[in-house]
Structures are given as C-alpha cells and as structure tokens.
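Enquirer: Could you have a look at this structure, given as structure tokens, before my questions?
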Amino acid sequence: MYPRFDEVMVLAPTEDGFTANLNEHWTIGPKIHGGVMLALCAKAAREAYAHTGFEPVAVSADFLSAPDPGAVRLITTVQKRGRRIGLVDVALVQGERTCVRTVVTLGDPEHHVEPLLSASPATALMSVEPPAHIEPIGPGHPAAAINNLARGCDIRPELTETVTESGAPVFKIWVRPRQGPVDVLFALMCGDISVPVCYAVNRRGWAPTVQMTAYLRGMPDDGWLRVACTTTQIGQDWFDEDHTVVDSAGRIIVQTRQLALVPSQ
C-alpha cells in the first residue's frame, strides 16, 4: 500500500485550531517537505473559516524552523470574514517551536470560467502526460535517496533542464498521487516539488526556503499535473524560484514564488 496524501492532511479539532501528524513519508531527507506544510496550513485555514464555497486563493508563509516527522499543532485565528474575501492566520507548531507562520486568503477560485488571458510555460513546453523515457523517482533514480514523497507520489522529473532565451533554466516535472485523486491541496504541495533551481549552476545541497507565496487559481481535473519551475536570479546567497502547476486540462491551478538560501557548495 502506498501512503495517501489525503491521510497526511487529516486534522483533529482543538480549542485553538487543530492537530495533525506529519509522517516520514512526506519528507525531503529527514525534514518535512515545505509544500506539504503549506497545504496543511491552507486546509487548517479552510476548516477554521468554515464557509461553504470559500477556498484558499493565496497562502503566504514564512518558514522559521524545519519540523521533524511527528505530531504538530495548527493554531488558527480568523482575522476577517467578508462577503468575498476571508483571512486566516495559521501557525504550525511542534513542541514549543513555531515552524511555519502563514496568512491564508480565502475566496472563490476561478475554476468555473475561462480566463481573459493565460500564459503558462508548462503548457507550451510539456506534453499532457510524461514521455515514455522519463522515469519515475524510485529505486535506482538519482533522487530516490532523499525524496521520500515518491513513496506516495508518482514523480517524473526531466533530468536535463530546458534553457530559455534569457538563460534561465526550466525544470519540468510530471506528478500525480499513487493512490487517490488529484485535489487542490495536492496541487498546492506540487508548487514546491522541484529540486532547487540552483542545481542549474552546480550549487547543490540543502537550500532552505525562507518565504513562499502561493496563488491557487482553480480546482484541478484529475490526472497528471505538469509543473514548470524556473528562476529570475540566483545570487551568491539568495535565489528565487517559481513553480507553475497545470492540470490535465491545461489550466493553471497553482503558482508559487519562494525566496531561499543558496547552498554553500
């Protein structure tokens, strides 16, 4: 049996929010994956807001420390209840440490109307399904030793990046759950699915995310998600990284931008 993403998203209510269990299947190396924590905070905000039809449309997160696998608390505070927009603060806490602080904006994502304009690098560069030569992360794959998400996700990265006319690298990844359907929280997690873009300049190692902002643009169709990851600038100390997540129908579901630290070597 494969670990299911919806199982790690299970919340138990408490007086000030929720508890959850982030297990070892959803880690990069020994630490919990940032996109999984972002998705869990978004779900806690949605449950705390408890208004039918309201979904997370933006999540802004500051990563303060990296939690270990195990129990966490999600402390929620509803800051605004509006006719079209809600706002919820969520703190993900383990023991006495606040690990992630998020602000979640809730509203009605535009999943039922056609956009006036849409320009996605994923639809232009990637086929709906992964080409046959692109292997999933698993035994023998270069990423298998560190990427434990591959236990519950079928992750198929193209190992050579595309380079745009500006010189920016583009990493391409196809993702879907091994069990269960694609949902908006899974798509949000995939907004952090790529290896760090600084791999393109041979800076490899731990590249901790300091801040991440995600936009949820719609509700995904089931099937493969296509993820294009790129950057604007890789500095000596800091780099930015953008993900665009597109569903099987070609619609943009999630966009993320993060600021992270460049590995020392």
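Enquirer: Hey, can you tell me all the residues within the stretch 22-54 that are in contact (Cβ under 8 Å) with a residue 12 or more places away in the chain and part of a loop (DSSP other than H, G, I, E, B)? Step through it out loud before you land on a result.
Expert: The initial filter retains those residues of the stretch 22-54 that are in contact (Cβ under 8 Å) with a residue 12 or more places away in the chain, namely 22-49, 51, 53-54.
Matches in the stretch 22-54: 23, 29, 30, 33, 51, 53, 54.
Enquirer: For residues that are under 17 Å from residue 254 (Cα atoms) and part of a loop (DSSP other than H, G, I, E, B), scanning just the stretch 117-136, find the one that is most open to solvent (accessible area, probe 1.4 Å).
Expert: 117
Enquirer: Right, residue 200: surrounded by 16 or more Cβ atoms within 10 Å (Cβ to Cβ) and within 15 Å of the chain's Cα centre (by Cα) or not? Spell out the reasoning first.
Expert: Numbers: surrounded by 16 or more Cβ atoms within 10 Å (Cβ to Cβ): yes; within 15 Å of the chain's Cα centre (by Cα): no.
Judged against the criteria, residue 200 is not a match.
Enquirer: Consider residue 223 against the criteria (1) touching a Cys at 6+ places or on another chain (Cβ under 9 Å); (2) in a loop (DSSP other than H, G, I, E, B): it satisfies all of them except one. Which criterion is unmet?
Expert: Result: residue 223 fails condition (1) only.
Enquirer: Considering only the stretch 137-178, how many residues are of a type in the set (Val, Ile, Thr), surrounded by 17 or more Cβ atoms within 10 Å (Cβ to Cβ) and not in a loop (DSSP other than H, G, I, E, B)?
Expert: To start, the set of residues in the stretch 137-178 that are of a type in the set (Val, Ile, Thr) comprises 137, 146, 155, 160, 162-164, 170, 173, 175.
Now drop any that are not surrounded by 17 or more Cβ atoms within 10 Å (Cβ to Cβ), which leaves 137, 155, 170, 173, 175.
The next check asks that each one be not in a loop (DSSP other than H, G, I, E, B); those that pass are 155, 170, 173, 175.
Counting residues in the stretch 137-178 that are of a type in the set (Val, Ile, Thr), surrounded by 17 or more Cβ atoms within 10 Å (Cβ to Cβ) and not in a loop (DSSP other than H, G, I, E, B) gives 4.
Enquirer: Which of the residues that make up the stretch 180-193 are at pLDDT 95 or above and assigned to a loop (DSSP other than H, G, I, E, B)?
Expert: 182, 183, 193, listed by residue number.
Enquirer: Let me ask you something else. For the stretch 205-217, indicate whether the set of residues that are out of contact with any Pro (no Cβ under 6 Å at 6 or more places or on another chain) and more than 20 Å from residue 37 (Cα to Cα) is non-empty.
Expert: Scanning the stretch 205-217, I find no residue that is out of contact with any Pro (no Cβ under 6 Å at 6 or more places or on another chain) and more than 20 Å from residue 37 (Cα to Cα), so the answer is no.
Enquirer: Also, quick follow-up: List the residue pairs whose Cβ atoms are under 6 Å apart, where the first residue sits in the stretch 105-133 and is more than 30 Å from residue 83 (Cα to Cα), the second is charged (D, E, K, R) and in a strand (DSSP E or B), and the two are 6 or more positions apart or on different chains.
Expert: Final answer for the pair search is 122/226; 126/172; 126/226; 130/156.
Enquirer: Next question. May I ask you to verify whether residue 263 is touching a helix residue (DSSP H, G or I) at 6+ places or on another chain (Cβ under 9 Å), closer than 26 Å to residue 4 by Cα and part of a loop (DSSP other than H, G, I, E, B)?
Expert: Working: touching a helix residue (DSSP H, G or I) at 6+ places or on another chain (Cβ under 9 Å): yes; closer than 26 Å to residue 4 by Cα: no; part of a loop (DSSP other than H, G, I, E, B): yes.
Spelling it out, it is not the case that residue 263 is touching a helix residue (DSSP H, G or I) at 6+ places or on another chain (Cβ under 9 Å), closer than 26 Å to residue 4 by Cα and part of a loop (DSSP other than H, G, I, E, B).
Enquirer: Given 254, 210, 163, 170, which one is under 21 Å from residue 57 (Cβ atoms) and touching a strand residue (DSSP E or B) at 6+ places or on another chain (Cβ under 8 Å)? Quick ask: steps written out before the conclusion?
Expert: Working: 210 fails: under 21 Å from residue 57 (Cβ atoms); 163 fails: under 21 Å from residue 57 (Cβ atoms); 170 fails: under 21 Å from residue 57 (Cβ atoms).
None of the others qualify; the one that does is 254.
Enquirer: Would you confirm whether or not the stretch 208-216 contains a residue that is part of a helix (DSSP H, G or I) and of a type outside the set (Phe, Trp, Tyr)? Steps first, answer last, please.
Expert: Initial filter on the stretch 208-216 (part of a helix (DSSP H, G or I)): none.
There is no residue in the stretch 208-216 that is part of a helix (DSSP H, G or I) and of a type outside the set (Phe, Trp, Tyr).
Yes or no, residue by residue, for (1) free of Cβ contacts under 8 Å to residues at least 24 places away in the same chain; (2) out of contact with any Gly (no Cβ under 6 Å at 6 or more places or on another chain):
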residue	(1), (2)
140	yes, yes
157	no, yes
160	yes, yes
164	no, yes
169	no, yes
178	no, no
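Enquirer: Return the residue satisfying two criteria in turn: it lies in the stretch 55-88 and is outside any strand (DSSP E or B) and not aliphatic (A, V, I, L, M), and of such residues it is surrounded by the fewest Cβ atoms within 10 Å (Cβ to Cβ).
Expert: Taking the stretch 55-88 first, the residues outside any strand (DSSP E or B) are 64-69, 82-85.
Of the ones still in play, those that are also not aliphatic (A, V, I, L, M) are 65, 67-69, 82-84.
Working: 65: 11, 67: 22, 68: 15, 69: 17, 82: 10, 83: 6, 84: 8.
Filtering the stretch 55-88 for residues that are outside any strand (DSSP E or B) and not aliphatic (A, V, I, L, M), the one surrounded by the fewest Cβ atoms within 10 Å (Cβ to Cβ) comes out as 83.
Enquirer: Taking residue 249, is it of a type in the set (A, V, I, L, M), open to solvent by 30 Å² or more (accessible area, probe 1.4 Å), assigned to a loop (DSSP other than H, G, I, E, B) and modelled with pLDDT under 95?
Expert: Values: of a type in the set (A, V, I, L, M): yes; open to solvent by 30 Å² or more (accessible area, probe 1.4 Å): yes; assigned to a loop (DSSP other than H, G, I, E, B): yes; modelled with pLDDT under 95: yes.
So residue 249 passes the test.
Enquirer: With the requirement that a residue be outside any loop (DSSP other than H, G, I, E, B) and farther than 14 Å from residue 214 by Cα, what does the stretch 228-245 give you?
Expert: First, the residues of the stretch 228-245 that are outside any loop (DSSP other than H, G, I, E, B): 228-230, 234, 238-245.
Those that are outside any loop (DSSP other than H, G, I, E, B) and farther than 14 Å from residue 214 by Cα: 228, 230, 234, 238, 239.
The values are calculated or read from the model by the stated rules, or taken from the named source; none is laboratory data. Values in this document were obtained by computation on a predicted structure and should not be read as measured data. Cβ sites come from the backbone with ideal geometry, for glycine too, and all protein chains shown count toward neighbours. Areas reflect the complete protein model, heavy atoms only, side chains present, ligands, DNA and RNA absent. Shrake-Rupley method; radii C 1.70, N 1.55, O 1.52, S 1.80 Å.
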